[in-house]
Amino acid sequence: MPPEVSPEWVYLALCASAFLAGVMNSIAGGGTLLTFPALMAVLPPGAGAMANATSTIALLPGSLAGAWGYRQELAHVRPFALQLLPVSLAGGLLGSLLLYWYQNQFTRLVPWLLLTAAVLFLIQPLVSRWLKSKRGQTAAEPTARTTVGVLAFQFLVATYGGYFGAGIGILMLSALGFMGIGDLHRMNAVKTFLASAINGISLVVFVSGGLVNWPYAGAMAVAAVAGGYAGARVARRLPAVYVRWLVVAIGFGLSVYYAFFK
């Protein structure tokens, strides 16, 4: 924590970032691009791994709430979710272990991770339009080759999710489009369920490795849940495209900042 800033202001800033992250996740995603830099600013230098782990834990309750909200849609596609669950858990475990084992290297990768997340949100409209075009097609059973390809891709996505995670929803939706689910809401249900599983297995590693700042994570989790609730109400009035472009601008700006000024 910076010595010149009082603890009250630090908690206020962190909770504000978590609240806005909850709002953004409800509307367009990308909340990690707010909570992660906020934690980087108040934790000691070189604590990027702790900032990432604490951010993941702080946003996990909102992810779990989203999974519960999709429980009816998930019931219709349970076989798909269970088919992808083992590789998701394995990838999430590997990614979180890589973060724990190579904490110093993670700090050097921060600009590139933020840039990757920003690019993913930049292409989100293209993915959404592609998925919408497929939604009108008749759902068909995927071939064995397609299934193997999606499983392999999901493992890579889960590994990235365990390591950093911003933007994994977009990656998962693009792969689920090949699984013959058809309905976008059901794909969102599978995506949210698998994201919760990835973050859940990461929680075990982060807690065991002592990477979580619990006072910060606890306060931010409450704020993020409140933001998620507020975001659900705002989403009915505010076009998601505005929030998405804000996420993209923040992501690119932060990647430049951490690359050249930190």
* Scan 180, 210 and give me the residue that is modelled with pLDDT of 90 or more, not in a helix (DSSP H, G or I) and not β-branched (Val, Ile, Thr). => 210
* Asked: Which one is modelled with the lowest pLDDT among residues in the range 1-59 that are under 15 Å from residue 167 (Cα atoms) and among the hydrophobic types (A, V, I, L, M, F, W, C)?
  -> 28
* **Test: residue in the range 237-255 that is under 18 Å from residue 43 (Cβ atoms), of a type outside the set (Val, Ile, Thr), modelled with pLDDT of 90 or more and out of contact with any Ser or Thr (no Cβ under 8 Å at 6 or more places or on another chain)** => no
* residue 157 is checked against (1) modelled with pLDDT of 85 or more; (2) assigned to a loop (DSSP other than H, G, I, E, B) and fails just one. What number does that condition carry? -> (2)
* To do: Just name the residue that is modelled with the lowest pLDDT out of those in the range 60-86 that are within 18 Å of residue 157 (Cβ to Cβ) and polar (S, T, N, Q).
  => 63
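Residues checked against (1) part of a helix (DSSP H, G or I); (2) modelled with pLDDT of 75 or more; (3) touching a strand residue (DSSP E or B) at 6+ places or on another chain (Cβ under 6 Å); (4) not β-branched (Val, Ile, Thr):
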site: 138; (1), (2), (3), (4): no, no, no, no
site: 150; (1), (2), (3), (4): yes, yes, no, no
site: 191; (1), (2), (3), (4): yes, yes, no, yes
site: 194; (1), (2), (3), (4): yes, yes, no, yes
* Subset of the range 160-177 (residues that are modelled with pLDDT of 80 or more and part of a loop (DSSP other than H, G, I, E, B)) -> 164
* Would a scan of the range 24-44 turn up a residue that is assigned to a loop (DSSP other than H, G, I, E, B), of a type in the set (A, V, I, L, M, F, W, C), under 18 Å from residue 228 (Cα atoms) and in contact (Cβ under 8 Å) with a residue 12 or more places away in the chain? -> yes
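The values are calculated or read from the model by the stated rules, or taken from the named source; none is laboratory data. Here the structure is a predicted model, which is why all the values come from computation and not from measurement. In this analysis, Cβ positions are derived from the backbone assuming ideal geometry, glycine residues included, and neighbour counts consider all displayed protein chains.
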